[in-house]
Amino acid sequence: MRKVILQLVKATFLILAGFSTFISSAYSQQNIISGKDDTHPEIAAQQYSAAKIYKFNAVQMHGYNEIQWSAIAEEDTRRFIVEYSSDGINYLSAGELTPLRGNYSLKHYTLDSRTFLYRIKMEKKDGRFINSMSFLLGGVDIAPVKIYPTIVEGNTLNLRITFPVHRMNVISFDGKQVMAKDLGGIIGTTQVAIPVLSRGQYLATFYGDGWQSTEKFMIGGR
């Protein structure tokens, strides 16, 4: 009797094992068949990524600012919109171009001599918009933050700020952070207290909306 029961259990186990193998095989086959007609999976992947912007350059000319950039992986991009801002928060359109796979140049005609931030807004074919990082208009003596004088004798930095600054970090030339401070989006001419520092050179990095800028200053002269 025990032998018959053992044989029955063994047979049942084999049937279940066979059924499990069949299910596993069917599931695996389903995974293999799924997407079999998708002969260009890289196209599907591009639907979720933006064009890659590089070699971005914004130069101030006579009567206009020339914006230049290069891009790759543009297959899913409908248009490039060049935007500019005087405060790093509110942006306006300077013009737009249709993707042509390569290098681009757009002239932003303006009589406004202020320093601008520029960025590229990319419209994808599904209607979504993706922004590039913001870039500062290049030129002589143009920076979002200026430290003056650069030789500091006390515990205060005098700043001339063009765009709202949210945070600043100060590091020594050997890479040690000596100060980190939230500035709350200040703009204009102001003073910022700094800790007592040893004589030497320091780097102050300022962070705004989509940009950062680094200025050098010295404590106590040479």
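As for the range 34-48, it holds no residue that is touching a helix residue (DSSP H, G or I) at 6+ places or on another chain (Cβ under 9 Å), at pLDDT 85 or above, more than 30 Å from V165 (Cα to Cα) and among the acidic types (D, E). Being buried (at least 16 other Cβ atoms within 10 Å of the Cβ), more than 30 Å from G184 (Cα to Cα), among the polar types (S, T, N, Q) and under 21 Å from the mean Cα position of the chain (by Cα): is that true of T115 here? So T115 fails the test.
Rundown of residues vs (1) in contact with a His (Cβ under 6 Å, 6 or more places away or on another chain); (2) among the aliphatic types (A, V, I, L, M); (3) under 13 Å from W69 (Cα atoms), yes/no style:
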{"residue": "N90", "(1), (2), (3)": "no, no, no"}
{"residue": "S93", "(1), (2), (3)": "no, no, no"}
{"residue": "E96", "(1), (2), (3)": "no, no, yes"}
{"residue": "N103", "(1), (2), (3)": "no, no, yes"}
{"residue": "H108", "(1), (2), (3)": "no, no, no"}
{"residue": "L117", "(1), (2), (3)": "no, yes, no"}
{"residue": "K124", "(1), (2), (3)": "no, no, no"}
{"residue": "F129", "(1), (2), (3)": "no, no, no"}
{"residue": "F135", "(1), (2), (3)": "no, no, yes"}
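Filtered by the rule that a residue be in a strand (DSSP E or B), farther than 14 Å from G208 by Cα and in contact (Cβ under 8 Å) with a residue 60 or more places away in the chain, the range 147-163 gives I147, I151, V152, L157. Considering only residues in the range 164-197 that are in contact (Cβ under 8 Å) with a residue 24 or more places away in the chain and of a type in the set (G, A, S), the one that is surrounded by the most Cβ atoms within 10 Å (Cβ to Cβ) turns out to be S172. Only one of the numbered conditions (1) closer than 24 Å to T190 by Cα; (2) in a strand (DSSP E or B); (3) charged (D, E, K, R); (4) free of Cβ contacts under 8 Å to residues at least 60 places away in the same chain is not met by E123, and that is (1).
For the range 85-96, check the following and say yes or no: at least one residue is among the aliphatic types (A, V, I, L, M), surrounded by fewer than 17 Cβ atoms within 10 Å (Cβ to Cβ) and without any contact (Cβ under 8 Å) to a residue 12 or more places away in the chain. Within the range 85-96, one or more residues are among the aliphatic types (A, V, I, L, M), surrounded by fewer than 17 Cβ atoms within 10 Å (Cβ to Cβ) and without any contact (Cβ under 8 Å) to a residue 12 or more places away in the chain. For A143, state whether it is aliphatic (A, V, I, L, M), open to solvent by less than 50 Å² (accessible area, probe 1.4 Å), part of a strand (DSSP E or B) and in contact (Cβ under 8 Å) with a residue 24 or more places away in the chain. For A143, the condition - aliphatic (A, V, I, L, M), open to solvent by less than 50 Å² (accessible area, probe 1.4 Å), part of a strand (DSSP E or B) and in contact (Cβ under 8 Å) with a residue 24 or more places away in the chain - is not met.
The residues of the range 171-186 that are on the phi < 0 side of the Ramachandran plot and not in a loop (DSSP other than H, G, I, E, B), listed by number, are I171, S172, Q177, V178, M179, A180, K181, D182, L183, I186. Among the residues making up the range 70-120, those that are part of a loop (DSSP other than H, G, I, E, B) and among the hydrophobic types (A, V, I, L, M, F, W, C) are A73, I89, L100, L111, F116.
The values are calculated or read from the model by the stated rules, or taken from the named source; none is laboratory data. Note that the structure is predicted; figures quoted are calculated from it, not measured. In this analysis, Cβ positions are derived from the backbone assuming ideal geometry, glycine residues included, and neighbour counts consider all displayed protein chains. Side chains are part of the model used for accessible areas, which takes the heavy atoms of the whole protein and leaves out ligands, DNA and RNA. Shrake-Rupley method; radii C 1.70, N 1.55, O 1.52, S 1.80 Å.
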